[in-house]
Amino acid sequence: MGAPILDIAGLRTVFRIGGADIAAVEDMELTIAAGETVALVGESGSGKSVTSLSVMGLLPRRVGRIAAGKVMLSRKSGEVIDLAAMSDETLRQIRGNDIGMVFQEPMTSLNPVYTVGEQIAEPIRIHLGKPHREAAADAVRLLADVGIPDPARRAQQYPHELSGGMRQRVTIAMALACDPRMLIADEPTTALDVTIQAQILDLLQKLQRERGMGILFVTHNLGVVAEIADRVVVMYAGRIVESGPVAEVFAHPRHPYTKGLLRSVPRLGQAVELKRAGTPLPTIRGNVPSLRNLPKGCAFANRCDYAIAACSAAMPALVETTPTQKSRCIRWQEL
Ligand SMILES: Nc1ncnc2c1ncn2[C@@H]1O[C@H](COP(=O)(O)OP(=O)(O)OP(=O)(O)O)[C@@H](O)[C@H]1O
């Protein structure tokens, strides 16, 4: 892998709640190289979306802010900048230009009163300064690239005239319009049917092969991670608990939380067998703790079958378990 396109180190993102700063992301580190897909996984509230919003400069104004750390981005120009220290104006120039974004619900990115062709052409005009006609022609080409049949006709249509899967293809075309080196996809297939989901994942992989972009893929779906990602970063209560190559982490999870997540994914046929036997699918007992009063030590200790007194005494460090895998568990060797 070459030099990273995105390099996050020591990121701490806080929300101002009731006069106090509550950290939603703490001590985050992550690198993504060209052509590489890194998945960010974890239960609801673990800090996945806050991490991606921090990178995009889209934290809620006044309430949320980056309190520490660096978010280094290698721009298309080759310039390397720290997104955590950039003005709103610079971040606006970067979003949609150096970083493409795809979200769960396509209608949050699409404007119902403009045709899809106009919407794909807009970033091309704004960021790349291309004239109207040229941008419109590019938009049609992009619709073809994302597998939309009859693209010239589709470009004239409004979002409501397209199916959910087609709309998500349009937002992908918009995200890629300025040929970004980095794509952030936050649960891009969660709202879609399973068959459409598979098509969109295939499409993203094809586009990545063609363009060599780095992808940060936020999801809670481990099946999707197995399908699309090279490396995975598992988050719990705002911190990384495990990271490494997908094949390595899935075969040998070195944190009880990752182990629990993997166990709660039914294998094909297993769900039916369990139902027949009257056995519930294994889940992780308990709930994610509130960020307002996190325990002193490991935040997962109260749900963990491996927990011992030392786990609650101090926050375990994120340590290398192999040259490529890391775990924040003091008992990783016993797993
Ligand atoms: N606008 C906000 N104000 C205050 N707290 C927030 C805000 N947005 C997020 N948080 C807090 O940040 C934490 C992490 O949220 P985040 O959305 O990153 O979780 P997630 O892992 O992406 O979950 P999901 O899968 O549900 O999207 C949550 O505990 C949430 O309470």
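Could you please find all residues in segment 298-335 being over 30 Å from Ile32 (Cβ atoms), surrounded by fewer than 18 Cβ atoms within 10 Å (Cβ to Cβ) and not aliphatic (A, V, I, L, M)? Of everything in segment 298-335, those that are over 30 Å from Ile32 (Cβ atoms), surrounded by fewer than 18 Cβ atoms within 10 Å (Cβ to Cβ) and not aliphatic (A, V, I, L, M) turn out to be Asn302, Asp305, Tyr306, Ser312, Glu334. Residue pairs, Cβ under 7 Å, 6 or more apart or interchain, first in segment 37-48 and near the ligand (Cβ under 6 Å from one of its atoms), second among the aliphatic types (A, V, I, L, M) and at pLDDT below 95. List them. Matching pairs, first to second residue: Gly45/Val288; Ser46/Val288.
Of the strands (runs of 3 or more DSSP E) lying entirely inside segment 25-91, the ones with 2 or more residues being buried (at least 16 other Cβ atoms within 10 Å of the Cβ) and of a type in the set (Val, Ile, Thr) are found at 37-41, 64-74. Which of the residues spanning segment 215-240 are in contact (Cβ under 8 Å) with a residue 40 or more places away in the chain, farther than 15 Å from Ala251 by Cβ and assigned to a helix (DSSP H, G or I)? Within segment 215-240, Gly223, Val224, Ile228 meet the criteria. Once segment 10-21 is narrowed to residues that are surrounded by 16 or more Cβ atoms within 10 Å (Cβ to Cβ) and aliphatic (A, V, I, L, M), the residue that is nearest to Gly78 (Cα to Cα) is Leu11.
Filtering segment 92-113 to residues that are part of a loop (DSSP other than H, G, I, E, B) and touching a helix residue (DSSP H, G or I) at 6+ places or on another chain (Cβ under 8 Å) leaves Gly96, Asn97, Phe103, Leu110, Asn111, Pro112.
Figure legend. Inter-residue proximity from segment 50-78: first residues on the phi < 0 side of the Ramachandran plot, second residues assigned to a loop (DSSP other than H, G, I, E, B) and within 13 Å of the ligand (Cβ to nearest atom), beta-carbon distance below 6 Å, spacing 6+ or different chains. Indicated pairs: Leu53/Leu59. Please determine whether any residue of segment 227-247 is away from the ligand (no atom under 16 Å from the Cβ), within 30 Å of Tyr306 (Cβ to Cβ), over 15 Å from the mean Cα position of the chain (by Cα) and buried (at least 17 other Cβ atoms within 10 Å of the Cβ). Within segment 227-247, one or more residues are away from the ligand (no atom under 16 Å from the Cβ), within 30 Å of Tyr306 (Cβ to Cβ), over 15 Å from the mean Cα position of the chain (by Cα) and buried (at least 17 other Cβ atoms within 10 Å of the Cβ). Beta carbons closer than 8 Å, at least 6 apart along the sequence or on distinct chains, pair a first residue in segment 139-160 that is aromatic (Phe, Trp, Tyr) with a second that is outside any helix (DSSP H, G or I) for Tyr158/Pro112; Tyr158/Val113; Tyr158/Tyr114; Tyr158/Thr115.
Which condition breaks for Gly10 when tested against (1) more than 16 Å from the ligand (Cβ to nearest atom); (2) within 21 Å of Leu294 (Cα to Cα); (3) modelled with pLDDT under 95? The single condition Gly10 does not satisfy is (3).
Residues in segment 179-214 that are part of a loop (DSSP other than H, G, I, E, B), crowded, with 20+ Cβ neighbours inside 10 Å and touching an Asp or Glu at 6+ places or on another chain (Cβ under 6 Å): Pro180 alone. For segment 263-278, a tally of residues being surrounded by 15 or more Cβ atoms within 10 Å (Cβ to Cβ) and modelled with pLDDT of 75 or more returns 1. Taken as a whole, the structure places Val224 among residues that are within 16 Å of the ligand (Cβ to nearest atom), under 13 Å from the mean Cα position of the chain (by Cα) and surrounded by fewer than 24 Cβ atoms within 10 Å (Cβ to Cβ).
The values are calculated or read from the model by the stated rules, or taken from the named source; none is laboratory data. This structure is a prediction, so every number in the text was calculated from the model and none was measured. Ideal geometry is used to build each Cβ from the backbone, glycine not excepted, and the neighbour counts take in all protein chains shown.
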